[in-house]
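FYI, it's all coordinate maths here, none of it is from the lab. These figures come from a predicted structure and were not determined experimentally. Note: ideal-geometry Cβ built from the backbone for every residue, glycine included; neighbour counts use all protein chains shown.
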Amino acid sequence: MDIQKVISNFERNGYKVSCFETAAEAADYLDGAIDGRHVGFGDSQTLLQMKLFERLSRHNRVADPQHCAEGRSFTDTAKECLTTDIFLTSVNGASETGQMVNIDGEGNRIAGSLFGHDKVYFVLGVNKIAPTLEEAVWRARNVAAPLNARRFQLKTPCAVRGDRCYDCSSPDRICNGLIIHYKKMECVDMEIVLINEKMGF
Ligand code: SF4
């Protein structure tokens with residue numbers, strides 16, 4: 001993969017791009033850039049791996065559905081995340097041509113990535129990048145979603161068999177919406193934090 005070409009394609013689509021060799025460097029960067037703000041998280045294994053909730057909480061007001069405060073539900077916390085200054089999330093797939101793909105079951109993650117914040121950060125490892133948009137969608141559906149279903153120990157065929165999407169009708173289905181970010185949304189500042197490591201699913 002020609003990473004410089006990937007960066008150029010994202011930039012052509014309106015995103016600022018910051019690129020780091022390691023997750024630790026990316027975490028340091030975000031910890032320095034986000035200070036004294038109200039911050040919301042979209043569910044993300046990448047952000048968990050980077051321990052960004054713990055770091056940012058020291059000097060920001062942070063809401064994360066994966067770290068609900070005592071007495072607060074997932075839904076309460078996820079709703080707060082839609083009204084924060086800053087929103088951080090990852091993606092399930094991206095393409096060398098400069099698009100990003102996310103699948104969501106509850107909708108909080110894709111909703112937060114589109115509107116209402118001063119700035120959205122998309123934090124992703126290079127393992128998420130496929131050559132084309134079609135392959136990025138395939139990756140999101142057949143790699144990321146099954147691994148996420150397995151992470152949450154859901155009773156879906158993809159989680160049980162761990163190989164691909166079965167386009168299931170399971171009550172536990174996590175693939176209820178799919179968003180393609182063709183270009184940066186008009187009213188929101190958006191930055192991609194690209195990490196030259198395998199991060200998340
Ligand atoms: S649609 Fe169902 S089988 Fe396919 S990835 Fe989503 S949860 Fe798994």
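Assorted remarks:
- Ordered from longest to shortest, the equivalent ellipsoid semi-axes for region 94-201 are 24, 16, 12 Å, each the square root of 5 times a Cα gyration tensor eigenvalue.
- Subtracting the Cα-Cα distance of Arg55 and Asp118 from their residue separation scaled by 0.36 nm leaves 20.6 nm.
- Nonlocal Lys pairs with alpha-carbon distance under 22 Å, the chain (8 or more apart, or different chains): 21
- Pair Phe74, Asp35: separation of 7 Å Cα→Cβ label points (nm): 3.5
- Cleavage-rule hits (trypsin sites (Lys or Arg not before Pro)) in region 1-54: DSSP loop, at most 14 neighbouring Cβ within 10 angstrom: Lys51
- Between the exposed loop cleavage positions of the chain, defined as GluC sites (Glu not before Pro) in a non-H, G, I, E, B DSSP state with at most 11 neighbouring beta-carbon atoms within 10 angstrom, the longest gap is 71-185.
- Each helix, a run of at least 4 DSSP H residues, gives -39500 (n - 2.57); summed and divided by the residues of the chain, these come to -8000 deg cm²/dmol at 222 nm.
- Trypsin sites (Lys or Arg not before Pro) restricted to region 58-151 and DSSP loop, no more than 11 other C-beta within 10 Å: Arg58
- For region 31-40, 3J(HN,Hα) per residue [Karplus equation, 6.51 cos²θ - 1.76 cosθ + 1.60, θ = phi - 60°, Hz, x = Gly/Pro]: 5, x, 7, 10, 9, x, 10, 8, 10, x
- Distance from region 137-201 to region 70-86 (C-alpha centre basis), Å: 21
- Based on alpha-carbon atoms, the Kirkwood radius and the radius of gyration of region 11-143 give Rg/Rh equal to 0.95.
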